[in-house]
1. Of M294, M349, which has the most accessible area and how do the rest follow, probe 1.4 Å?
2. P(r) for the stretch 389-441, please, calculated from all Cα pair distances in 5 Å bins and given in %.
3. Can you tell me the length gained on complete extension of the stretch N89 to F247, counting 0.36 nm per residue apart and subtracting the Cα distance?
4. Trypsin sites (Lys or Arg not before Pro), restricted to the stretch 259-325: which are DSSP loop and have at most 16 other Cβ atoms within 10 Å?
5. Among the aspartates and glutamates, select those whose C-alpha is under 14 Å from the C-alpha of K228, and discard any that sit fewer than 8 residues away in the same chain.
6. Going from most exposed to least, what order do S274, S374 have by accessible area with a 1.4 Å probe?
7. How large is the accessible surface of H31 in square angstrom, using a 1.4 angstrom probe and rounding to the nearest 10?
8. Tell me the trypsin sites (Lys or Arg not before Pro) within the stretch 233-266 that lie in a loop according to DSSP and have at most 14 other beta-carbon atoms within 10 Å.
Amino acid sequence: MTATQKSSAPMSWGGHINASILLGLPLVGSHVAQMLTHITDVVMLGWYQVEALAGVVLASQLYFIVFIVGSGFAFAIMPMCATALGAENDRQVRRSVRMGAWLVTLYGVLFAVPLWFLEPILLALGQQPDLAQIAQDYMRIAVLGLFPSLWIMVLKSYLSALERAQIVLIATLVAAAANIVFNYAFIFGNLGFPEMGAKGAAWASVLTITLDFVFLLVYCRVLPALKKYELFQNPFRFDREAFVETFKLGWPISLTLLAETTLFSAATIMVGWSGTIALAAHGIVLQITSVGFMIPLGISNVGTIRGGRALGRKDKLHLKRAAAVVMWGAFAVSLVSLTLYLTVPEFLMRLFVDPSEPNLDAIVEIGVLLLLVSAAFQIVDAMQVAALGLLRGIKDTTVPMILAVFSYWIVGMPSAYILGFPLGYGAQGVWGGLVIGLTVAAITMIWRYLKLQRNLDFSAA
């Protein structure tokens, strides 16, 4: 029995585990593959020039904030579609996806302008002028990929809710492979192309994102099994009810993502005060830990989809068992990344920097210390994102937003600053503050979900 079939008998624990694995593996794989695109940029730029790497780290962090906040509206589509599918309402699926695409497009128009003028923003934040110039040169190309990247998130949420995550994985793998070729050609000046450094990495990203979007768009357009959703019917027709519903569910998700991503971006800004070497090490560690985070993030998506399906069917037992599998799964995988960061940190750091780089030892030394600190938040980070995914599945987004802002900015950010500078622990102290903020987030998110699960009454729905 699949996760989408109705049955008079409750699904067994083994059935829940099997359904979560079948759905989760391609979701996790697609997230990891997507990170490979960013990892490729960091590795190749690290082998090209440390200054180029540091400048792109600054630019990509701010780009990522804009992208991930806009993705909140796309993420809202996932529980909406899952609930509609659970209730066998195909028309609502189309309405949600169409208005989600409207929202991310309007969002992109609004925020592309500040990304274009990135250099004065970075200078105002105290960054070094040469790095700010590299960052702006990169961004004025990379911003071209903002719209297709947001549209990709809409299609990924739609396909994931349909439990067609395999095609998402395939598309992302194809894009990641293409990005390697593009970077090789454009950054270093190979295959007949001029050497463009950081600008080359930006062009590679734009082409990769466009390829990924076209791949998914064609799939959604031509696959016979998806024609019943009529996704491309009247794409320019405004649907006020669906627009408002998607916005109401999406904006708290966007602000939740903003709270967490700006925590890490503010940490990047603070580490940048310590110089290029510390910033390069910090950027590498962010990439390493982000790859590890992709696994619990994929598991979190499983919680959103399976929770949404249970909500649509009004099946509380299914919800409880699915939630338990998701939480324990997130805990288990966090132990793997924790072990890696504790046992082979130097090996991981050296993968990202040219062995002939004069500052190699200094970068690795700082990075190893940061990886050891980051090991402390692997479990709590996995648990908080899993709980957050379950909360989205039952369409609870506003209170989690408040909890996220409190955890990351009322607790985490002041802790990072105090540990990093007044107490003198530098980059290590900044990462220590991240540990504190994520721990508070995990405790409060799990408490919120368990409270709602206990009080959920489907009989009154």
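1. In descending accessible area the options line up as M294, M349.
2. Histogramming the stretch 389-441 at 5 Å steps yields 5, 24, 21, 16, 13, 8, 7, 4, 1 percent.
3. Here the answer is 54.9 nm.
4. K314
5. E88, D90
6. S274, S374
7. 20 Å²
8. Filter output for the stretch 233-266: R237.
The values are calculated or read from the model by the stated rules, or taken from the named source; none is laboratory data. Fair warning: this is a prediction, and the values are worked out from it, not measured in the lab. Here Cβ is always computed from backbone atoms with ideal geometry, including for glycine, and neighbour counts include all displayed protein chains. Please note that ligands, DNA and RNA were not included when accessible areas were found on the heavy atoms of the full protein model with its side chains. Shrake-Rupley method; radii C 1.70, N 1.55, O 1.52, S 1.80 Å.
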